[in-house]
């Protein structure tokens with residue numbers, strides 16, 4: 001098996017472009033913004049940051065000591081719980097590229113603190129960091145429930161199934177209106193259906209809706 005040089009390896013990553021498990025950062029000027037990306041990767045399926053690479057894939061390079069400090073602040077000061085990651089520096093075209101590999105968290109949700117001190121959880125969808133919905137938060141919170149838990153099947157569950165069959169794009173607000181139930185109850189029931197693999201959240205048009213899983 002041929003071993004790639006640093007240049008070949010980094011260029012192969014850049015050729016993939018930004019996607020669900022990869023993001024380019026020209027530099028790190030705000031640890032809180034990186035915490036948002038850490039949250040998104042940790043809450044989804046992990047991913048890597050290429051630091052010193054512009055959005056268009058051009059090599060810019062970094063001073064890795066400063067970037068390392070900012071990454072540490074993002075993971076340990078501005079994420080709750082702390083995010084697990086590791087880094088490696090590669091040398092390409094006379095410049096240093098820092099690659100940070102972020103692990104998927106076993107303890108979700110991972111929250112990122114914004115400039116006001118508010119803690120928010122994110123998901124990675126394609127090449128974007130998207131704010132998690134209250135339903136996602138409930139799915140993660142319910143995931144601590146014992147395995148093999150039985151789901152009670154009542155008129156409420158049947159109504160949700162009927163509404164999902166009638167509406168391909170059922171939003172949380174629309175579900176509340178049609179079912180005449182509180183947001184809390186709607187979030188709880190939708191989260192259960194997601195956990196049991198009956199329903200899937202879909203992100204389209206910059207918003208989430210829910211549909212029956214095929």
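Angle, helix 155-166 long axis vs. longest principal axis of the chain, Cα atoms, 0 to 90°, nearest 10? Compared with the principal axis, the helix lies near 60 degrees. Between residue 141 and residue 167, the FRET efficiency from the beta-carbon distance, with R0 = 25 Å, is close to 0.45. Cβ-Cβ distance of residue 152 and residue 206, R₀ of 35 Å, FRET efficiency by 1/(1 + (r/R0)^6): the value works out to about 0.55.
Restricting to the chain, compute how many DSSP beta bridges are antiparallel as a %, nearest 5. Of the beta bridges lying entirely in the chain, close to 90 percent run antiparallel. Axis angle, to the nearest 10 degrees, between helix 6-16 and the longest C-alpha principal axis of the chain: 30 degrees. Here the peptides 170-183, 111-124 are ranked by packing, the mean other Cβ count within 10 Å, and the order with the highest first is 111-124, 170-183.
With angles folded into 0 to 90 degrees, how steeply does helix 183-195 sit against the dominant principal axis of the chain? Use alpha carbons for both and round to 10. Around 70 degrees separate the two axes. When the chain is treated as a Gaussian network with alpha carbon springs shorter than 10 Å, the biggest mean-square fluctuation among 20, 101, 158 belongs to 158. Between residue 174 and residue 45, the simple label model (points 7 Å from Cα in the Cβ direction) yields a spacing of 2.7 nm. Relative protection proxy for 4-10, 202-208, from highest mean packing down: 4-10, 202-208 (other beta-carbon atoms within 10 angstrom). Between 58, 36, 192, the residue with the greatest mean-square fluctuation in the GNM of the chain (Cα pairs under 10 Å linked by springs) is 58.
Under the simplified labelling scheme, the residue 8-residue 88 pair shows an inter-label distance of 1.4 nm, with each label point 7 Å from Cα along Cα→Cβ.
Summed over qualifying helices (DSSP H, 4 residues or more, each -39500 (n - 2.57)) and divided by its residue number, the chain shows a 222 nm mean residue ellipticity of -11500 deg cm²/dmol.
Read-outs: derived from the displayed coordinates by stated rules, not from any lab. Worth saying up front: this structure is predicted, and the values here are computed from it rather than measured. A quick note on method: Cβ atoms are made from the backbone with ideal geometry, for glycine too, and the neighbour counts reach across all protein chains shown.
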